[in-house]
1. Inspect segment 40-55 for any residue being in the same structural domain as Asp23 (by TED's automatic domain parsing) and crowded, with 17+ Cβ neighbours inside 10 Å and give the result as yes or no.
2. Within segment 18-33, can one find any residue that is surrounded by fewer than 16 Cβ atoms within 10 Å (Cβ to Cβ), closer than 30 Å to Ala105 by Cα and either at pLDDT below 85 or among the acidic types (Asp, Glu) (or both)?
3. Taking the stated definitions as given, is Arg69 more than 30 Å from Met1 (Cβ to Cβ), at pLDDT below 90, charged (D, E, K, R) and under 15 Å from the mean Cα position of the chain (by Cα)?
4. Confirm whether Leu89 is surrounded by 16 or more Cβ atoms within 10 Å (Cβ to Cβ), in contact with a strand residue (DSSP E or B) (Cβ under 9 Å, 6 or more places away or on another chain) and under 13 Å from Ile141 (Cβ atoms).
5. Check whether at least one residue in segment 9-17 is touching a residue at least 24 places away in the same chain (Cβ under 8 Å), surrounded by 11 or more Cβ atoms within 10 Å (Cβ to Cβ) and on the phi > 0 side of the Ramachandran plot, and report yes or no.
6. Could you tell me whether any residue of segment 103-113 is within 26 Å of Gly13 (Cβ to Cβ), basic (Lys, Arg) and at pLDDT 85 or above?
7. Here is a check on your reading of the model: is Glu116 surrounded by 12 or more Cβ atoms within 10 Å (Cβ to Cβ) and either in contact with a strand residue (DSSP E or B) (Cβ under 9 Å, 6 or more places away or on another chain) or not assigned by TED's automatic domain parsing to the domain that holds Val68 (or both)?
Amino acid sequence: MKLILTAPVDHVGIPGDIVEVKDGYGRNYLLPRGFAISWTRGAEKQIEGIKRARDAREIRSVDHAKEVRAQLEALSVKLPANAGAGGRLFGAITQADVVLAVKKAGGPAIDKRAVEIAKPIKVVGEHTVGIKLTAGVVAHINVDVVAA
């Protein structure tokens, strides 16, 4: 089955790639989850838009990744959240919450799929969150969760 990837898939490819996968994998996993679209000649035109968007936010090299890591680690990220009397949050902090907090703190635009939260953040306080920039470069930022 020939597909065009719309999201990064481990061991398959990155957005914009035209890949050949087994029928069951494509039909039962990639297509229903929105990780790929069926390949057609018309869909190939969409690849250009996907590639332009990817190039805009892509880390260009290891040196660029290290610069972005230094920029992220220098940020002071505060994340307001609804909390109870004992400092426990109503819910948990998600990757999307971290991305918005980094953006509000003046950091670069990052993909929420790159944010790695080791264990769920459910209490007020300071927590360390990893952001995978490339295969070998991970930025660790301190997120200060405060009661709103």
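1. The answer is yes, given that some residue of segment 40-55 is in the same structural domain as Asp23 (by TED's automatic domain parsing) and crowded, with 17+ Cβ neighbours inside 10 Å.
2. no
3. Numbers: more than 30 Å from Met1 (Cβ to Cβ): yes; at pLDDT below 90: yes; charged (D, E, K, R): yes; under 15 Å from the mean Cα position of the chain (by Cα): yes.
When the stated conditions are applied, Arg69 passes them.
4. Working: surrounded by 16 or more Cβ atoms within 10 Å (Cβ to Cβ): yes; in contact with a strand residue (DSSP E or B) (Cβ under 9 Å, 6 or more places away or on another chain): yes; under 13 Å from Ile141 (Cβ atoms): no.
Answer is no for this residue.
5. Keep residues of segment 9-17 that are touching a residue at least 24 places away in the same chain (Cβ under 8 Å), which gives 9, 14-16.
Checking the rest, the ones that are also surrounded by 11 or more Cβ atoms within 10 Å (Cβ to Cβ) come to 9, 14-16.
Subset that is on the phi > 0 side of the Ramachandran plot: 16.
Yes: segment 9-17 contains one or more residues that are touching a residue at least 24 places away in the same chain (Cβ under 8 Å), surrounded by 11 or more Cβ atoms within 10 Å (Cβ to Cβ) and on the phi > 0 side of the Ramachandran plot.
6. Within segment 103-113, the first condition is being within 26 Å of Gly13 (Cβ to Cβ), and the residues that meet it are 108-113.
Filter again for basic (Lys, Arg), leaving 112-113.
The next check asks that each one be at pLDDT 85 or above; those that pass are 112-113.
Checked segment 103-113: at least one residue is within 26 Å of Gly13 (Cβ to Cβ), basic (Lys, Arg) and at pLDDT 85 or above.
7. Values: surrounded by 12 or more Cβ atoms within 10 Å (Cβ to Cβ): yes; either in contact with a strand residue (DSSP E or B) (Cβ under 9 Å, 6 or more places away or on another chain) or not assigned by TED's automatic domain parsing to the domain that holds Val68 (or both): yes.
Against the criterion (surrounded by 12 or more Cβ atoms within 10 Å (Cβ to Cβ) and either in contact with a strand residue (DSSP E or B) (Cβ under 9 Å, 6 or more places away or on another chain) or not assigned by TED's automatic domain parsing to the domain that holds Val68 (or both)), Glu116 qualifies.
The values are calculated or read from the model by the stated rules, or taken from the named source; none is laboratory data. If you're wondering where the values come from, they're calculated on a predicted model, not measured in any experiment. Virtual Cβ from ideal backbone geometry, glycine too; neighbours counted across all protein chains shown.
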